[in-house]
1. Just for the range 151-176: of the residues that are over 18 Å from residue 18 (Cβ atoms), within 16 Å of the ligand (Cβ to nearest atom) and of a type outside the set (Val, Ile, Thr), which one is nearest to the chain's Cα centre (by Cα)?
2. Taking residue 385, is it closer than 19 Å to residue 212 by Cα and modelled with pLDDT of 85 or more?
3. Please indicate, with yes or no, whether at least one residue in the range 331-339 is assigned by TED's automatic domain parsing to the domain that holds residue 205, among the hydrophobic types (A, V, I, L, M, F, W, C) and more than 22 Å from residue 208 (Cβ to Cβ).
4. Quick check on the range 177-186. Is at least one of its residues within 30 Å of residue 122 (Cβ to Cβ), more than 15 Å from the ligand (Cβ to nearest atom) and either assigned to a helix (DSSP H, G or I) or modelled with pLDDT under 95 (or both)?
5. Scan the range 7-45 for residues that are in a loop (DSSP other than H, G, I, E, B) and either near the ligand (Cβ under 8 Å from one of its atoms) or crowded, with 24+ Cβ neighbours inside 10 Å (or both) and report the count.
6. Take the conditions crowded, with 20+ Cβ neighbours inside 10 Å, within 16 Å of the ligand (Cβ to nearest atom) and within 17 Å of residue 31 (Cβ to Cβ) and apply them to residue 90. Does it pass?
7. Does residue 102 count as away from the ligand (no atom under 14 Å from the Cβ), of a type outside the set (Lys, Arg) and not in a loop (DSSP other than H, G, I, E, B)?
8. From the list 231, 159, 154, 149, exactly one residue is buried (at least 23 other Cβ atoms within 10 Å of the Cβ), over 14 Å from residue 114 (Cβ atoms) and not assigned by TED's automatic domain parsing to the domain that holds residue 383. Which is it?
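The values are calculated or read from the model by the stated rules, or taken from the named source; none is laboratory data. All figures in this text were calculated on a predicted structure; none of them were measured in a lab. Every residue, glycine among them, receives a Cβ derived from its backbone with ideal geometry; neighbour counts consider all protein chains shown.
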Amino acid sequence: MEKIALGVCSSISIYKAGEIIRLFQEEGYAVRVIMTEKATQFINPYLFDSLTGEKTIISLFDERQRPIEHISLAGEISLLLVAPATANMIGKLASGVADDFLSTFYLAVKCPVLIAPAMNEAMYLHPQTQENIRRLKKLGVEFVEPESGYLACGQKGIGRLASPEKIVQKSLRLIRRREIFQDKIVLITAGPTREFLDPVRFLSNPSSGKMGYELAREAYELGAEVILVSGPVELEPPPEVYIEKVVTAEEMRKAVLKHYERADVVIMAAAVADFKFREHLPAKIKKDSLSESLAIENTPDILQELGKLKSRQLLVGFAAETTEILERAEKKLKQKNLDLMIANDVSVPDSGFGSGYNEILLLWPDGRSRKIPRATKRKISQEIFSEIEVLLHERPRN
Ligand SMILES: Cc1cc2nc3c(=O)[nH]c(=O)nc-3n(C[C@H](O)[C@H](O)[C@H](O)COP(=O)(O)O)c2cc1C
């Protein structure tokens, strides 16, 4: 099992370290915690012993550890993450001070290092702290920027530890990145679109955007530059992903076309509404003045247009069907000039639309197909990207 070393310093946000450990464990990683001496003033190390099943390291000189633990452990880990990192620790790491286990260990590791600062705004923005961060970045150390909001000191400002989800996703990008995705731009659409009749009524579908957001997360973790064009959803995008929020199919079309030329891989996972009202009224229609029938018309077929415009892009489409899934998906794959089609049966309970799970059938233009049985959308997106990786390797490099 791959292992991560988690350095924990004496910040109030130390309580979030437990959640970080849990998220890593869910992803299949073991975590070894290193606390600063002062961090033990905030939390008893026994908490981390219990969460990780391993003795928390605090001191350089501890006879329960292997004789030269900082060197032995350095060879076993895939990442050193310091979260929360205090101003003091960032300063020590930036200047090579090695007077406790964590700062000594930092000098001994050869794996990627990620730092998540947490402190009061004045401390964070202090030129000395900023200079220390710049120095570390120059040496290749990565950072997860703190967030703005209410701080433990009662003030509002920047300095709050980034969310455990963001910290873990950025960590996974450093551990899982693949060479083939390093210079790739992946454009993904997600969520539903809304086609309004008047300001309060619209045509849409139950798409939650989870599949598209999981795909964006996977592309991000593999090291790609990600552009996410998202319909209205209640989800947090992965960190460092460029997001364009749209509402209607036409807005989605425009946003996708804007980025299409630059993209290497394009995945249309959005559930674009197929119809829109012929009329779009600027004011709310009174109930009693609604006519018995409302004229509708087709929205633009974005995937079809992308298929026609395709030059070097690897184009992946989704087909949400309820009947004749294989036949319809095969037809769309050819009609829309796709490199990969992902068909899903949205009539299966707790799968597809709105669910955290999916069950898909992958289809290639050469007639091959592969079924991926019901799994979490996270797992499904990993499988989809392992197939995209194969397709990218097969392509001549430009
Ligand atoms: C209640 C309390 C909260 C603190 N929170 C932070 C913090 O969030 N960030 C920070 O850089 N320092 C914080 N400090 C100051 C550090 O604890 C102090 O600089 C310490 O020397 C850092 O030691 P360490 O880096 O070895 O953990 C806090 C101190 C106290 C008393």
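1. 159
2. Yes.
3. Taking the range 331-339 as the starting set, the residues that turn out to be assigned by TED's automatic domain parsing to the domain that holds residue 205 are 331-339.
Subsequent filtering for residues that are among the hydrophobic types (A, V, I, L, M, F, W, C) retains 333, 338.
So of that shortlist, the ones also more than 22 Å from residue 208 (Cβ to Cβ) come out as 333, 338.
Checked the range 331-339: at least one residue is assigned by TED's automatic domain parsing to the domain that holds residue 205, among the hydrophobic types (A, V, I, L, M, F, W, C) and more than 22 Å from residue 208 (Cβ to Cβ).
4. Narrowing the range 177-186 to residues within 30 Å of residue 122 (Cβ to Cβ): none.
There is no residue in the range 177-186 that is within 30 Å of residue 122 (Cβ to Cβ), more than 15 Å from the ligand (Cβ to nearest atom) and either assigned to a helix (DSSP H, G or I) or modelled with pLDDT under 95 (or both).
5. 6
6. Numbers: crowded, with 20+ Cβ neighbours inside 10 Å: yes; within 16 Å of the ligand (Cβ to nearest atom): yes; within 17 Å of residue 31 (Cβ to Cβ): no.
So residue 90 fails the test.
7. no
8. On the way: 231 fails: not assigned by TED's automatic domain parsing to the domain that holds residue 383; 154 fails: buried (at least 23 other Cβ atoms within 10 Å of the Cβ); 149 fails: buried (at least 23 other Cβ atoms within 10 Å of the Cβ).
Being buried (at least 23 other Cβ atoms within 10 Å of the Cβ), over 14 Å from residue 114 (Cβ atoms) and not assigned by TED's automatic domain parsing to the domain that holds residue 383 holds for just one of 231, 159, 154, 149, which is 159.
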